[in-house]
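First the structure, in the form of C-alpha cells, and then the observations on it.
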C-alpha cells in the first residue's frame, strides 16, 4: 500500500517573529486559509487515506498538529525527542511502516512547501509509485526545473530518460550540494540539473536496507524503536534510542551513495517558502510592488513586504524594499536583502535569555 510521511520538525526561524517554537512555520497560514501542514495533507486527496498518513515532528508539537489535523490518528503523529536531521526522521517512519506493511511504499514530503496544483502532484506521485512497483530497489525523487541559478537549493543531476507514464523521468547521476553562484549558473546552463525538492518515494524496506548498509548504527536504533511499537515501552524506547542517533541528512546518509535513483521532473508549480520574501511569490502585489497580508496603509512605499493582523494597522512612509512583520509581542523591520539575518535575531534573543519571544 502507499503511505505518506510528512516531515514537520522544522523550527522555521527565518519566519520569526510569526514563527515560534510552539507555532513554527508549518503551523502557520502563509499562503491561504489553511496552514502549511494542513495544505500538505490536503494535496494528498484520496491518494492516501488519513489512516496511512504519518507525521514525524518535534515532541512539543504533537498536540498542536493533532488539533490541526484531527483526521489523522494520534498514534500516527510521532514526536521526536530531539532534533536529528532527516535521515533518522524518514528512517523512523520507514521502520514503523514496514513493521505493519512489509511491502509498503512511502512518499516523503516536507510540511512547508506550497504546491497548488493538487491533481498534478497526485499524478506525479502515482507515476513514481509505478516506477517503484516495477523495481522495488528503485528510489524516486522529484526535481524542480530551475528558473534561476539558486544558491540556496541542492541540485540533482540527471542523465538517461526512463519510461514513465505521463511524466518525464531520468536516471540520477548524482546529488549536488548547495552551489556558489557561478556553479549554479553552470547547472542551469547545462539543462540537466534540477532543484532537489526533498520529496522522495521508495519502498520502506528499500530505504531501511540502504540505512543498514550505510548507517548501521542508526538503523539498529530505529529498528529497536519500531520493535517497541504498540507496547508500554514505546515512549521510553523512542526517547532512549532516538537520542542516541548521530543525526545526518538523508542526502548524506543514503542518496549520495545509492545507485538506483530516478528523478521525475515535477509537473506541478512548487515553492519551498524558505523566508519572508516568499510572500511576494504567494500573494499578489499592489501597484507599487508591495506585498501585504493584514491591514496596511502605505505612503510612498514601494517593494515592501508587510505581514500583520487585520486589527493592527501598519503605516509606512517613504520606505522601499523592507520587510515589516508585526505580532502581538514582537515586530521585525529589516531590508529585504538582509532576510537571512533573521536567524541572527533569534540567536540574539536566545543569548539574552528572552525565551518568551521565541
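What follows is calculated from the coordinates using simple rules that are stated; it is not laboratory data. Here the structure is a predicted model, which means the values were calculated and not measured. Ideal geometry is used to build each Cβ from the backbone, glycine not excepted, and the neighbour counts take in all protein chains shown.
Once Rh is set to the Kirkwood radius over Cα pairs, what Stokes-Einstein translational diffusion coefficient, in µm²/s, holds for the chain at a temperature of 20 °C and a viscosity of 1.002 mPa s?
The calculation lands on 100 µm²/s.
How big, in percent, is the set of alpha carbon pairs in the range 218-358 lying more than 19 Å apart?
Percent of Cα pairs beyond 19 Å in the range 218-358: 70.
Between 257, 288, 113, which gets the highest mean-square fluctuation from a Gaussian network model of the chain, Cα cutoff 10 Å?
Largest GNM mean-square fluctuation: 288.
Once fully extended, how much extra length lies between residue 119 and residue 302, figured as 0.36 nm per residue of separation less the alpha-carbon to alpha-carbon distance?
62.3 nm
Roughly what angle does helix 86-100 make with the longest principal axis of the chain, taking Cα atoms, 0 to 90 degrees, to the nearest 10?
50
Take every Cα pair under 8 Å in the range 1-72 that's 6+ residues apart, average their separations, divide by the length, and report that relative contact order as a whole percent.
38
Show log10 I(q)/I(0) for the range 121-203 at q = 0.16, 0.23 Å⁻¹, two decimals, from a solvent-free Debye sum over equal Cα scatterers.
For the requested q values the scattering log ratios are -0.60, -1.08.
Can you tell me, using C-alpha contacts under 8 Å and at least 6 residues apart, the relative contact order of the chain as a whole percent?
20
Of 28, 211, 47, which has the largest mean-square fluctuation in a 10 Å C-alpha GNM of the chain?
47
In nm, give the distance between the simple-model label positions of residue 217 and residue 358, each being 7 Å from the Cα along the Cα-to-Cβ direction.
Result: 2.7 nm between the two label points.
Starting from the Cα of residue 285, step 7 Å along the direction of its Cβ; do the same at residue 331; then give the gap between the two resulting points in nm.
In this crude label model, residue 285 to residue 331 measures out at 2.4 nm.
Considering every Cα-Cα pair within the range 276-357, what fraction, in whole percent, is farther apart than 16 Å?
Result for the distance tail: 53 percent.
Which of 286, 235, 311 moves the most in a Gaussian network model of the chain with Cα springs under 10 Å?
311
Taking a temperature of 10 °C and a viscosity of 1.306 mPa s, what whole-number D in µm²/s does Stokes-Einstein yield for the range 195-249 with Rh from Kirkwood over alpha carbon pairs?
128
Specify the angular offset, from 0 to 90 degrees and rounded to the nearest 10, of the alpha carbon long axis of helix 342-351 from the longest principal axis of the alpha carbons in the chain.
Helix 342-351 sits at roughly 90 degrees to that axis.
On C-alpha positions alone, give me the angle between the axis of helix 216-227 and the longest principal axis of the chain, in degrees, nearest 10.
90
Please report the equivalent ellipsoid semi-axes of the range 74-176, computed as sqrt(5 x eigenvalue) of the Cα gyration tensor, largest first, in whole Å.
Equivalent ellipsoid semi-axes, largest first: 25, 20, 15 Å.
Would you mind computing, in nm to one decimal, how far apart the modelled labels at residue 148 and residue 134 are, each placed 7 Å from Cα along Cα→Cβ?
With each label placed 7 Å out from Cα toward Cβ, I get 3.6 nm.
Residues of the range 255-280 with amide nitrogen under 19 Å from the 7 Å Cα-to-Cβ point of residue 173?
Once the point is set 7 Å along Cα→Cβ of residue 173, 255-266 turn out to lie under 19 Å by backbone N, inside the range 255-280.
Want the number for residue 265 to residue 29: 0.36 nm per residue separation, take away the alpha-carbon distance, what's left?
Gain on stretching residue 265 to residue 29: 82.2 nm.
Using a Förster radius of 25 Å, what is the FRET efficiency between residue 165 and residue 42 based on their Cβ-Cβ separation? Nearest 0.05, please.
Computed FRET efficiency for residue 165 and residue 42: 0.55.
Once the piece of chain linking residue 252 and residue 351 is laid out straight, how much longer is it, given 0.36 nm per residue of separation minus the C-alpha distance between them?
32.5 nm
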